[in-house]
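Taking it in order: structure first as structure tokens, then the write-up.
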Amino acid sequence: MNKLDVRKMVVVDLYAGSYNKERIGHELYNLDRNPVDGYFYGYCPPHDGINISVFGANRTDEFVDDILVVYVTKKKDSNNREIIAFCLNARVFRKGQFDDKLCRNVKDKDGEESVATYSIKSNNLEYLKNKYNKFEININEYNNRMFRSQRFYGGKYPELDKKIIAYIESVIENREFLDNDNSDEQEEIQRSEPATQTEIQYSPEKPLNIVDSNQGKIIAKNNRISKSALIEAKYTCVINQSHKTFITTNGTPYMEGHHLIPCTVSNSELFMDKYHKNIDCVENIVCLCPNCHREVHCGEWNSKSQKIRKMFTKQKEKLVKAGLLIDEEELLNLYK
Ligand SMILES: [Zn+2]
Ligand SMILES: [Zn+2]
């Protein structure tokens with residue numbers, strides 16, 4: 001991924017207008033994937049247009065590309081703002097765009113229906129509302145009227161820029177872990193043969209296999225090892241063995257493999273440096289039903305952390321056996 005450039009950043013304040021209380025307003029669509037063509041379309045209140053000259057656009061340019069758009073919204077109990085989403089490389093238009101083929105109908109204040117314009121178009125959007133660690137902008141630290149025009153551009157508050165960029169980079173790094181045992185990989189695990197005894201035995205000793213992917217560097221994992229972990233667990237969910245799924249074409253219950261110490265590049269390097277062990281090993285893989293698995297990745301913190309504690313309690317002896325020394329608090333930190 002290219003390094004994030006603050007000179008191409010705009011921070012947009014959403015839902016500040018009173019008209020949103022009545023569930024009208026163009027920006028209500030900003031965080032939703034458009035059902036017609038799958039893009040995210042953003043309206044930038046109050047006038048739809050963003051000053052694209054700030055990003056180096058010529059006077060005749062209708063739009064600029066590769067803009068980092070950060071969406072914030074007012075917190076419930078104060079005037080501080082919270083980052084709720086971002087688009088990494090959006091196209092930002094000089095003027096509001098109008099496309100009545102897209103599903104963007106809004107009612108105006110008189111109840112008249114019209115099509116909402118947009119000035120931001122992006123094929124990706126990272127939604128952060130349910131994230132455990134939110135980023136709060138304490139407006140009194142900068143300028144308590146900083147969102148008066150409902151947006152500001154990178155460069156205006158250099159200290160804040162740095163913090164926002166660091167936060168977004170940490171989210172992206174964390175996303176690598178979220179995507180890392182996705183459904184494609186789970187399907188491959190179903191198809192895989194189990195690992196041989198020798199493979200299982202030596203997997204903690206194996207050197208790391210770091211490869212390039214379209215999301216940056218990732219660890220190439222051995223799906224056979226995950227398959228063996230499922231077999232060892234007799235295809236029962238580590239959270240509760242009564243969790244039912246369905247029978248796969250192999251005739252076995254569908255279960256998923258999850259690396260308890262998440263198999264990110266940074267975690268893998270950490271354990272390699274510290275203990276000379278590879279975390280892609282049977283001892284670090286738990287068997288989860290798909291419901292529990294998604295919760296461990298996407299759930300809200302209270303219930304999710306309970307599940308992580310439960311997995312740790314059941315798995316810690318095995319982790320020690322593989323030479324992966326970690327305590328419960330350290331493990332929880334890897335999920336934050
Ligand atoms: Zn997982
Ligand atoms: Zn389960």
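The values are calculated or read from the model by the stated rules, or taken from the named source; none is laboratory data. The model shown is predicted, which means the values in this text are computed figures rather than measured ones. Ideal geometry is used to build each Cβ from the backbone, glycine not excepted, and the neighbour counts take in all protein chains shown.
If I ask for residues that are within 23 Å of the chain's Cα centre (by Cα) and either surrounded by fewer than 24 Cβ atoms within 10 Å (Cβ to Cβ) or part of a helix (DSSP H, G or I) (or both), which ones from segment 266-279 would you list?
Within segment 266-279, 266, 267, 268, 269, 270 meet the criteria.
Quick one: in segment 295-305, of everything that is surrounded by 13 or more Cβ atoms within 10 Å (Cβ to Cβ) and either touching a residue at least 24 places away in the same chain (Cβ under 8 Å) or in a helix (DSSP H, G or I) (or both), which residue is nearest to the chain's Cα centre (by Cα)?
If we take residues in segment 295-305 being surrounded by 13 or more Cβ atoms within 10 Å (Cβ to Cβ) and either touching a residue at least 24 places away in the same chain (Cβ under 8 Å) or in a helix (DSSP H, G or I) (or both), then 297 is nearest to the chain's Cα centre (by Cα).
Take the conditions of a type in the set (Lys, Arg) and either exposed (fewer than 15 other Cβ atoms within 10 Å of the Cβ) or touching a Leu at 6+ places or on another chain (Cβ under 7 Å) (or both) and apply them to residue 244. Does it pass?
Values: of a type in the set (Lys, Arg): yes; either exposed (fewer than 15 other Cβ atoms within 10 Å of the Cβ) or touching a Leu at 6+ places or on another chain (Cβ under 7 Å) (or both): yes.
When the stated conditions are applied, residue 244 passes them.
So which pairs qualify, if the first residue must be in segment 235-255 and in the same structural domain as residue 194 (by TED's automatic domain parsing) and within 19 Å of residue 283 (Cα to Cα), the second must be in a loop (DSSP other than H, G, I, E, B) and more than 9 Å from ligand 2 (Cβ to nearest atom), the Cβ gap must be under 6 Å, and the two must be at least 6 apart or on different chains?
Cβ pairs passing all conditions: 235/252; 255/235.
If the Cβ limit is 8 Å and pairs must be 6+ apart or interchain, which residue in segment 311-334 that is under 24 Å from residue 201 (Cα atoms) pairs with which residue that is hydroxyl-bearing (Ser, Thr, Tyr) and assigned to a helix (DSSP H, G or I)?
323/275; 324/275; 325/275
If you check residue 269 against the conditions, is it away from ligand 2 (no atom under 16 Å from the Cβ), touching a helix residue (DSSP H, G or I) at 6+ places or on another chain (Cβ under 6 Å), within 22 Å of residue 330 (Cβ to Cβ) and outside the structural domain of residue 172 (by TED's automatic domain parsing)?
no
Does segment 190-212 include one or more residues that are among the polar types (S, T, N, Q), in contact with a Lys or Arg (Cβ under 7 Å, 6 or more places away or on another chain) and either assigned by TED's automatic domain parsing to the domain that holds residue 282 or modelled with pLDDT of 95 or more (or both)?
yes
Kindly check whether there is at least one residue in segment 283-294 that is more than 16 Å from ligand 2 (Cβ to nearest atom) and under 23 Å from residue 208 (Cβ atoms).
The answer is yes, given that some residue of segment 283-294 is more than 16 Å from ligand 2 (Cβ to nearest atom) and under 23 Å from residue 208 (Cβ atoms).
Exactly one of (1) out of contact with any strand residue (DSSP E or B) (no Cβ under 6 Å at 6 or more places or on another chain); (2) closer than 19 Å to residue 80 by Cα is unmet by residue 155. Its number?
Among (1) out of contact with any strand residue (DSSP E or B) (no Cβ under 6 Å at 6 or more places or on another chain); (2) closer than 19 Å to residue 80 by Cα, the lone unmet condition for residue 155 is (2).
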